[in-house]
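Reviewing the structure listed below.
The values are calculated or read from the model by the stated rules, or taken from the named source; none is laboratory data. Since the model is a prediction, treat every value here as computed from it, not as a measurement. All Cβ positions, even for glycine, are placed from backbone atoms using ideal geometry, and neighbour counts span all protein chains on display. The area values use the complete protein model at the heavy-atom level, side chains included, leaving out ligands, DNA and RNA. Shrake-Rupley method; radii C 1.70, N 1.55, O 1.52, S 1.80 Å.
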4 protein chains.
Amino acid sequence: MEKGRLEAFSDGVIAIIITIMVLEIKMPGAHHDTLQSLIPLYPVFICYVISFIYVGIYWNNHHHLMHAVTSVNGAALWANLHLLFWLSIVPLVTKWMGENNFTKWPTVMYGVSLIMCAVAYAILVIILKKHEGPDSLFTKAIGNDRKGRLSIVIYAVAILLAWVNPCISFGLYFVVACIWFIPDRRIERRILDNKE
Amino acid sequence: MEKGRLEAFSDGVIAIIITIMVLEIKMPGAHHDTLQSLIPLYPVFICYVISFIYVGIYWNNHHHLMHAVTSVNGAALWANLHLLFWLSIVPLVTKWMGENNFTKWPTVMYGVSLIMCAVAYAILVIILKKHEGPDSLFTKAIGNDRKGRLSIVIYAVAILLAWVNPCISFGLYFVVACIWFIPDRRIERRILDNKE
Amino acid sequence: MEKGRLEAFSDGVIAIIITIMVLEIKMPGAHHDTLQSLIPLYPVFICYVISFIYVGIYWNNHHHLMHAVTSVNGAALWANLHLLFWLSIVPLVTKWMGENNFTKWPTVMYGVSLIMCAVAYAILVIILKKHEGPDSLFTKAIGNDRKGRLSIVIYAVAILLAWVNPCISFGLYFVVACIWFIPDRRIERRILDNKE
Amino acid sequence: MEKGRLEAFSDGVIAIIITIMVLEIKMPGAHHDTLQSLIPLYPVFICYVISFIYVGIYWNNHHHLMHAVTSVNGAALWANLHLLFWLSIVPLVTKWMGENNFTKWPTVMYGVSLIMCAVAYAILVIILKKHEGPDSLFTKAIGNDRKGRLSIVIYAVAILLAWVNPCISFGLYFVVACIWFIPDRRIERRILDNKE
């Protein structure tokens, strides 16, 4: 089965997810034209930025993953839809967290949605590895997906720490985004070395 | 006529349909940050999951159908738009059913929208079969579309049973989703054998 | 300049236009689960159907037009954006007409948006004809665009007749949709013969 | 790395941005069917037109840029997402400016969002130039990007003049749109000559 339409459909869904988040930001209406009227929007805006980066990272990784793959099977189509499902939940939780100024439960649920995306991505990788075979170029190129597993661990820690202080959780979500965002792999290695 | 743009346009419309459903879920606003405030959302969320699966199934089937086709004609373009029209109705009825906790009429209308999608899909298959010719690879690959006709029968039964109990109807909608979702064809055959 | 990305972008915009219209239909909320609660929606639904058909016709024609073209230039990119602009106005006027039960001004403005789409399409055709040259296959395939000019005339008549009765106008909008929708060209010819 | 999916994803996001702006225009509801009821919408509509043109210009330029590029790297993917982020902010500020009739702060923030888009575009050009190399066809085709730098200067002047009169700022935003829109390069040169 060809991978072209799976890429096109995923591009469409991710493009919509990344842009509908901005629709959730309610700008002040008529007769609220001061700079002060924008101040209450700052937590929503910060959440938009971090979610934009997260969805951007998933698009980037999806791009690399599908580039390495030679073909897809029925199971991969469903694993891909499963990933898109959890990505589509991100805008909802983003809005909830932004409107409630990073209180406990919204921050926990944001972490849950991120952990589900990471798990769905890991499932997709496993299915594609099985489909391509253990000796394929794809399996060698992907490696053992340390970054992915490390992210799931940090998300889990962040969720638990929300009972201490939700700001620590949000900080950890930001750390994971940086791990994926910064192309320099030395930073990632240093964190992994510290853990081992 | 080439099939490339028909695929691209259908991908775009289905991608939007599958993601706008999530926009319909109204998260609790500011100062509603407890886990309890999410509880009233569970029927809407269940409906979102089932509709996501249904639209995903249609995308999957559309993918396979268009893969097998060699070219399209004007009638196929309109049959495809007809299918997209009924798919676009799904998010509306999903929201109505979710907000009314699976009462009779929303459950009936959900079934009607699913049956119309199934009929529109069957029309598209018939037009493509006629266009490709009875001896084409396409006609042989598609077969006699037992699954499609079985689905329409189950939908019709589910709609009638909504007068007894809408939960049975919803259960049957879920059964049809499973028939399409589960790749193992033995389950499907067992159901078909039981009916024959 | 290649036409691939112009097609892809147009597909995206038209796909969004055709599906956001359904977002404008406000289903009855919680505790409104009877069939009667759907009755007030029927004018909005009729408007959705006719606008869906109209946007579908434009996508269909755009598909044929771009299929015949060999390349595009800067002017064609802007003429295409101009067409997309007027198509994006259609959902707005559709909603206004549907919510006001086909009264005079909404029906007039719907006609104005349709006439602007038709004019924008005609401009795109002229620019592409000039770009391809008078002896090109494209110019011969498109012909003298009788259907397009006839549509503009009927829209203008429909707009004027809104002062008599907006239902006549809506009927004429439906007639134009049929002219484009029905593939049999004899119907179109009969109407043209009657006018000449 | 191939450029195909970057183009497809950007097309998707820009198509959504350009069409969601129209969703922000709130048409008068039921029982407001006079021409007078549309009059309060004119500033929102003007803002929609100018933002549609601006996003159209960015799509046009993106189209030309990506056409000239032979391949992309990881940094270009992120520079492209950065550009899409600032473009996604445009609909928000457009709505705010339209609803407040071009008062000071909304006009300033509109200018800020335009300047950020222009800066993000310039960063993308720099990264692509570095990736393609100084002797590549791409670097020669793009030139020294006078138009881009001139735009940033005019935006900055327009933002400062909002403290004098926001209408002058809006006029200058319109001038920049014309510089990009009008294909005749002599107008641009005259402006540049006057500045030098």
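Charges were assigned to the Cβ only: +1 to each Lys and Arg, -1 to each Asp and Glu. The resulting dipole of chain B about its Cα centre is roughly 420 debye. The ellipsoid equivalent to the alpha-carbon distribution of the stretch A:4-56 has semi-axes of 31, 12, 5 angstrom, derived from the gyration tensor eigenvalues as √(5λ) and listed largest first.
Label-point spacing at B:K130 relative to the other copies reads 4.2, 4.2, 6.0 nm, in ascending order, each point sitting 7 Å out from Cα along Cα→Cβ. Each chain gives up part of its surface: A and B jointly bury about 3000 Å² of accessible area, both sides summed, for a 1.4 Å probe. The A:F181 and B:V119 beta-carbon pair, evaluated with R₀ = 41 Å, returns a calculated FRET efficiency of approximately 0.30. Restricting attention to chain A, lysine pairs at least eight places apart or on different chains and with alpha-carbon atoms under 21 angstrom apart total 10.
Once all protein chains are placed together, D:V49 keeps about 50 Å² accessible to a 1.4 angstrom probe. Local charge for D:V13 was computed over the other residues whose Cβ lies under 12 Å away, with Lys and Arg +1 and Asp and Glu -1, and equals -3. Nearest 0.05, what FRET efficiency do B:W163 and B:V49 give at R0 = 25 Å with Cβ-Cβ as r? It comes out at approximately 0.45. Between the alpha-carbon centers of the stretch B:110-164 and the stretch C:48-127, tell me the distance in whole angstrom. Taking the Cα centre of each part, the stretch B:110-164 and the stretch C:48-127 sit 33 Å apart. Counting heavy atoms of the protein chains alone, D:F174 has an accessible area of about 110 Å² for a 1.4 Å probe. One quarter of the surface of the convex hull around the alpha-carbon atoms of the stretch B:1-155 equals 10.1 nm², the direction-averaged projected area.
Overall size of the protein assembly as shown from C-alpha positions, given as principal axis extents largest first: 87, 87, 52 Å.
When the helices of chain C are scored as -39500 (n - 2.57) per DSSP H run of n ≥ 4 and the total is divided over every residue, the value at 222 nm lands at -26500 deg cm²/dmol.
Taking all Cα pairs closer than 8 Å and separated by 6 or more residues, the relative contact order of chain A comes to 23 percent. Out of B:S151, B:S88, B:S136, any idea which swings most in a Gaussian network model of chain B, alpha carbons joined below 10 Å? Of the options given, B:S136 has the highest mean-square fluctuation. Loop-resident GluC sites (Glu not before Pro) (DSSP state other than H, G, I, E or B) in the stretch D:1-74 with no more than 12 further Cβ atoms inside 10 Å of their Cβ: D:E2. Rolled with a 1.4 Å probe across the full set of protein chains, the surface gives D:D33 an accessible area near 50 Å². Only alpha carbons enter this Debye calculation for the stretch B:85-188, each as an equal point scatterer, and the log10 of I(q)/I(0) it gives at q = 0.11 Å⁻¹ is -0.40.
Shielding value for D:53-64 is 3, the average number of Cβ atoms from other chains within 10 Å of each residue's Cβ.
Of D:M116, C:M66, the order by accessible heavy-atom surface (1.4 Å probe, DNA, RNA and ligands excluded), from most exposed downward, is D:M116, C:M66. What chain C shows is 42 Å² of accessible area per residue, with the surface traced by a 1.4 Å probe over protein heavy atoms.
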